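I have placed the structure first, in the form of structure tokens, so that the comments after it can refer back to it.
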Amino acid sequence: MHEPVLAAEAIEALALRAGGIYVDGTFGRGGHSQLILERLGPQGRLIALDRDPQAAHAALAVSDRRFSFFRTRFSDLSMLPAQVDGMLFDLGVSSPQLDDPARGFSFRHDGPLDMRMDPEAGMSAAEWVATAEEQELREVIRDYGEERFAKQIAAAIVAARRHQPIVRTRQLAELVAQAVRTREPGQNPATRTFQALRIHVNRELEEVSVMLPKAVARLAPQGRLAVISFHSLEDRVVKRFMQSLARPEMPRRLPLRASEMPQPVLTIVGRAQRPSSPEITRNPRARSATLRVAERTAVPYSEIEPGARWRN
Ligand SMILES: C[S@@+](CC[C@H](N)C(=O)[O-])C[C@H]1O[C@@H](n2cnc3c(N)ncnc32)[C@H](O)[C@@H]1O
């Protein structure tokens, strides 16, 4: 099972209209989708996406003629209608992905070191760990895991793989535990390394960076974009992107006529929202979630905008 995070807040953020067209870009087990369908009228439509085959399988169980599903990466939104009224992206991994040892995300349960949301595409974590240069291992673990001991962990991986391929989650977790000298209270020493590998293997930050402008380009005026992120790197991308379209940069050439002033493509809706403590107690996976919401103005926008300064 997967309990949807910030469920009430995310649904409210979409400001649903009964007859509107909505997108759930991260179907998972359909928690948010279900809530959207409950609020749509007979003319409403919900289009859901997910790249995970098991999520696709779960979507088969939704028998509702207002609902359709595409198994795809959300960096490809070409199957969507030209204009939709709201989009929700609940980023990261689902509980069934994390909890199933066979998917290879878990350092608690032994399984093949895979970590792909779509096991039919790209390199598994084991393949990457076997082939990456030491420097690349160090940079990924440092940057995506925000891990202080990235250097020691990368060196330990390179030393260990000379003797034996690293193909199991437990094997990697034990190796990391030996290389990490001080442990954060209540946290498994492999937490940061596993997060880093997962982000890298699934190209999570690239996916979000490519998706955001495409999503905005397909939003109708007053359409809402709601994004829930689960770590600071991802949240920073979302925040900078929304701010860059809400407060467009002034061209250097001044003075400008009023008609030449860049106009905001998005309006930020409210502050970033975090789960309440009862929600975190009920669902510890919610603890690092942040919801950001923006509304589309009527100003024309092409996803190939010059100067995407939010990317850096
Ligand atoms: C946090 S879960 C979503 C849970 C869902 N809101 C629910 O209530 O069940 C994230 C889902 O997004 C999918 N996902 C993550 N990144 C994706 C991407 N780039 N393209 C498509 N699906 C992605 C994952 O496979 C996972 O099923």
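Where both bridge residues fall in the chain, DSSP classifies roughly 40% of the beta bridges as antiparallel. Based on the Cβ-Cβ distance from residue 257 to residue 178, what FRET efficiency comes out when R0 is 51 Å, to the nearest 0.05? Working from the Cβ atoms, E equals 0.20. Taken along the Cα-to-beta-carbon direction at a fixed 7 Å, the label points for residue 267 and residue 136 span 4.6 nm. For the chain, the 222 nm mean residue ellipticity estimated from helices alone, with every DSSP H stretch of n ≥ 4 adding -39500 (n - 2.57) and the total spread over all residues, rounds to -11000 deg cm²/dmol.
Look at the Cα gyration tensor of region 25-87: its axes a ≥ b ≥ c give a/c of at least 1.5 with a/b at or below b/c, and that counts as oblate. Scaled against 2.2 N^0.38 Å for its residue count N, the alpha carbon radius of gyration of region 226-266 is 1.56. When the Cα convex hull of region 141-256 is projected onto planes of every orientation, the mean area is 11.4 nm².
Spatially, region 194-251 and region 97-173 are offset by 25 Å when compared through their Cα centroids. With the cut-off at under 14 Å, measuring from each backbone N in region 22-66 to a point 7 Å along the Cα-to-Cβ line of residue 203 picks out 51.
Its residues counted as N, region 65-113 yields a C-alpha radius of gyration over 2.2 N^0.38 Å of 1.62. The convex hull defined by the C-alpha atoms of region 229-301 has an orientation-averaged projected area of 6.3 nm². Our analysis of the chain gives Rg over Rh at 1.00, with the two radii drawn from alpha carbon positions and Rh computed by the Kirkwood formula. Applying 1/(1 + (r/R0)^6) with R0 = 35 Å to the Cβ-Cβ distance of residue 164 and residue 95 gives a FRET efficiency near 0.65. Here the extension length gained between residue 3 and residue 127 equals 41.5 nm, from 0.36 nm per residue of separation less the Cα-Cα distance. What FRET efficiency do you get for residue 188 and residue 220 if R0 is 45 Å and r is their Cβ-Cβ distance, rounded to the nearest 0.05? For residue 188 and residue 220, the calculated efficiency is 0.50. Seen from all directions on average, region 189-312 presents a Cα convex hull projection of 9.7 nm².
Given 25 °C and 0.890 mPa s, how large is the Stokes-Einstein diffusion coefficient of region 1-58 in µm²/s, with Rh as the Kirkwood radius over Cα pairs? So the translational diffusion coefficient is about 210 µm²/s.
According to the Kirkwood relation over distinct C-alpha pairs, the hydrodynamic radius of region 69-147 is 15.2 Å. Ordering 290, 297 from the fewest to the most neighbouring beta carbons within 10 Å gives 297, 290.
Computed from the coordinates by the stated procedures, all read-outs in this text should not be read as laboratory data. Computed from a predicted model, the values in this text were never measured in an experiment. Cβ: placed from backbone, ideal geometry, glycine included. Neighbour counts: every protein chain shown.
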